[in-house]
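Novice: Handing you a structure now.
The values are calculated or read from the model by the stated rules, or taken from the named source; none is laboratory data. All values derive from a computational prediction rather than experimental measurement. Glycine also receives a Cβ, built like all others from the backbone with ideal geometry; neighbour counts cover every protein chain displayed. When the accessible area is computed, the model is the full protein with side chains, heavy atoms only, and any ligands, DNA or RNA have been set aside. Shrake-Rupley method; radii C 1.70, N 1.55, O 1.52, S 1.80 Å.
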Amino acid sequence: MPQQTQTPDPRTPVAEIPGDGHTVEKIGGTSMSRLPELVDTLFMGDREGEDLYNRIFVVSAFGGVTDMLLEHKKSGEPGVYGLFASAESDHGWLDALNRVSEAMGKAHRDVLDNPGDQKLADDFVRDRIEGARSCLIDLQRICSYGHFRLSRHLMIIRELLSGLGEAHSAFVTSLLLNRKGVSARFVDLSGWRDEGEYSLEERIRSELEDIDFSAELPICTGYAQCAEGLMKEFDRGYSEVTFSRIAAITGAKEAIIHKEFHLSSADPKAVGEDKVRKVGHTNYDVADQLSNMGMEAIHPKAAKTLRQSGVPLRVTNAFEPHDPGTLIEEFPSQHATAEIVCGIDIYALEVFEQDMVGVKGYDASILELLTRHGLRIVSKVSNANTITHYVDAPLSKIRSVESDVAERYPQAEINTRSLAIASVIGQNMAGLKVLARGLALLDEAGVDPVAAHQNARNVDVQFLVQRDDLDTAIKALHVLIEEDEAEVTRQRAAESKGKNAARAAA
């Protein structure tokens, strides 16, 4: 077994893994639940022979399975992990694990029509679920002794459970594709029953190095067990980190994320199907701003890996395989344009202290408390005696921060308000007067903004509004996108006309 080594710089080429001219492609959980459609469009479609290959797929668990294993991503309702961690009763997490087993079985029976394949999938689920059950029972028994603490093992348990769903979906996908005549290989990065300790780099190398990408279709798990512990840093963003590292290590010509929709100028539900447009082409700076607003085109750390490796990213609609989607690269914008309007519900945590003016340390101290409690900061503003952080976090965590701030600064006035941010994002919005135009559009729509922020980089402008006004604000601000798109089209037409005239004169 290889010894643990330092992870190489992603810019360093990895010569020993073949893969000239291949892509690395990721599929999310909601799309995976429509696997038969993906076979007819994305995996196969009208491809034949060698056109089926030179692609590596990284898959998530079937829709809802990871929520059942860990906790519901939106509501926070505990799954197997949450119930086991609370240890209120054995029956809670055992019953939850049984429900996961049933959900997995239903998921693969919905997509596999061959009895032999169904039996293989049933056996696979039984082995993984019973293995996890035994592991948790044994750990619970060991931790009943005073020398052992369950809290020290919870992150390992979280990683173990998260890998179950993705190993299942990757295994089922490979079964289905093989049945269809595609030479697909199940690539299990989850480290199931693995006695060695690998870095992420070593894990990927060891599983992919003997695969001929031109003749086999690797179906990889989005979760990869490694010495670094992906969930410790990335939690449920781990699959995009795995995806980006595979692309970097194998020297992919392009990394592709397949979603159920195109990366669009706004949410069609808020603006209208006839108003939104596909972004088409943008850069990583815009992707970072989207991530900050909770609309991840890709995890920021995964984007960093791709940027450093020189691998462009494409975001497509998985069910429209002939549409090129949106290409995300690292390039300077040639035209000033607003591209996307999006929004997020936040809490404004305001700390006012009259004696703050001229005194250093308040900002760093409050930031330390926010970090300690794991609050995600979307934006912040400050003046002489007030610091306001706009955070995306549960109210319970914010109350804990309020208590700590009050203890540290007894004279401070602390206020928390539920608000929303509507953000206009573009590669380069210099000269577009987005702030002034946006305020005018909001006024016309009857929205009274609480505040508005614009920084000198001209990549986003944020409008603070009441939560009930968010959809109205997004719809109003989307007019900026429509107007600026028309202006860019006019500019490009003028440039083309000028070039044609110059050629004619020459």
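Novice: Taking segment 313-335, which residues are open to solvent by less than 30 Å² (accessible area, probe 1.4 Å), in a loop (DSSP other than H, G, I, E, B) and either within 26 Å of R34 (Cβ to Cβ) or in contact with a Leu (Cβ under 7 Å, 6 or more places away or on another chain) (or both)?
Specialist: Residues satisfying the conditions are A318, G325.
Novice: Still on this model: Looking at L395, is it closer than 26 Å to K73 by Cα and either surrounded by fewer than 13 Cβ atoms within 10 Å (Cβ to Cβ) or more than 27 Å from the chain's Cα centre (by Cα) (or both)? Don't jump to the end; show me each part of the working.
Specialist: Values: closer than 26 Å to K73 by Cα: yes; either surrounded by fewer than 13 Cβ atoms within 10 Å (Cβ to Cβ) or more than 27 Å from the chain's Cα centre (by Cα) (or both): yes.
So L395 passes the test.
Novice: For segment 256-268, how many residues are more than 14 Å from the chain's Cα centre (by Cα) and either of a type in the set (A, V, I, L, M, F, W, C) or not in a loop (DSSP other than H, G, I, E, B) (or both)?
Specialist: 4
Novice: I'd like to verify a number: residues in segment 63-75 that are touching a residue at least 40 places away in the same chain (Cβ under 8 Å) and either in contact with an Asp or Glu (Cβ under 7 Å, 6 or more places away or on another chain) or open to solvent by less than 10 Å² (accessible area, probe 1.4 Å) (or both), how many?
Specialist: Here the count works out to 4.
Novice: Still on this structure, please answer the following. Residue check: is A248 surrounded by 19 or more Cβ atoms within 10 Å (Cβ to Cβ), hydrophobic (A, V, I, L, M, F, W, C) and not in a loop (DSSP other than H, G, I, E, B)?
Specialist: Values: surrounded by 19 or more Cβ atoms within 10 Å (Cβ to Cβ): yes; hydrophobic (A, V, I, L, M, F, W, C): yes; not in a loop (DSSP other than H, G, I, E, B): yes.
Spelling it out, A248 is indeed surrounded by 19 or more Cβ atoms within 10 Å (Cβ to Cβ), hydrophobic (A, V, I, L, M, F, W, C) and not in a loop (DSSP other than H, G, I, E, B).
Novice: Take the conditions in a helix (DSSP H, G or I) and touching a helix residue (DSSP H, G or I) at 6+ places or on another chain (Cβ under 7 Å) and apply them to A170. Does it pass? It would help to see each step written out before you state the result.
Specialist: Values: in a helix (DSSP H, G or I): yes; touching a helix residue (DSSP H, G or I) at 6+ places or on another chain (Cβ under 7 Å): no.
Criteria not met by A170.
Novice: Based on this model, can you work out whether S403 counts as open to solvent by 10 Å² or more (accessible area, probe 1.4 Å), of a type in the set (S, T, N, Q) and within 32 Å of the chain's Cα centre (by Cα)? Steps first, answer last, please.
Specialist: Details: open to solvent by 10 Å² or more (accessible area, probe 1.4 Å): yes; of a type in the set (S, T, N, Q): yes; within 32 Å of the chain's Cα centre (by Cα): yes.
When the stated conditions are applied, S403 passes them.
Novice: Could you check segment 353-371 and list, in sequence order, the residues that are free of Cβ contacts under 8 Å to residues at least 24 places away in the same chain, assigned to a helix (DSSP H, G or I) and not hydroxyl-bearing (S, T, Y)?
Specialist: A364, L367, E368
Novice: Could you list, in sequence order, the residues of segment 450-471 that are of a type outside the set (A, V, I, L, M, F, W, C), closer than 15 Å to I344 by Cβ and open to solvent by 30 Å² or more (accessible area, probe 1.4 Å)? I'd like the intermediate steps shown before the answer.
Specialist: Within segment 450-471, the first condition is being of a type outside the set (A, V, I, L, M, F, W, C), and the residues that meet it are 453-455, 457-458, 460, 462, 466-469, 471.
Filter again for closer than 15 Å to I344 by Cβ, leaving 453, 460, 462, 466-469, 471.
H453, Q466, R467, D468, D469, D471, listed by residue number.
Novice: Can you say whether G310 is of a type in the set (G, A, S), open to solvent by less than 10 Å² (accessible area, probe 1.4 Å), on the phi > 0 side of the Ramachandran plot and under 24 Å from the mean Cα position of the chain (by Cα), as far as the supplied structure shows? Please lay out each step first, then the result.
Specialist: On the way: of a type in the set (G, A, S): yes; open to solvent by less than 10 Å² (accessible area, probe 1.4 Å): no; on the phi > 0 side of the Ramachandran plot: yes; under 24 Å from the mean Cα position of the chain (by Cα): yes.
No; evaluated as a whole, the condition is false for this residue.
Novice: Filter segment 295-312 down to the residues that are touching an Asp or Glu at 6+ places or on another chain (Cβ under 6 Å) and assigned to a loop (DSSP other than H, G, I, E, B), then identify the one that is modelled with the lowest pLDDT.
Specialist: Looking at the filtered set, the residue picked out is I298.
Novice: Residues I344, I377: which one is within 26 Å of V434 (Cα to Cα), in contact with a helix residue (DSSP H, G or I) (Cβ under 7 Å, 6 or more places away or on another chain) and not basic (K, R)?
Specialist: Numbers: I344 fails: in contact with a helix residue (DSSP H, G or I) (Cβ under 7 Å, 6 or more places away or on another chain).
Selected residue: I377, the only one of I344, I377 that is within 26 Å of V434 (Cα to Cα), in contact with a helix residue (DSSP H, G or I) (Cβ under 7 Å, 6 or more places away or on another chain) and not basic (K, R).
Novice: Please identify the pairs in which a residue from segment 255-278 that is under 18 Å from L35 (Cα atoms) has its Cβ atom under 8 Å from the Cβ atom of a residue that is open to solvent by 60 Å² or more (accessible area, probe 1.4 Å) and at pLDDT below 90, counting only partners at least 6 apart or on another chain.
Specialist: E260/T30
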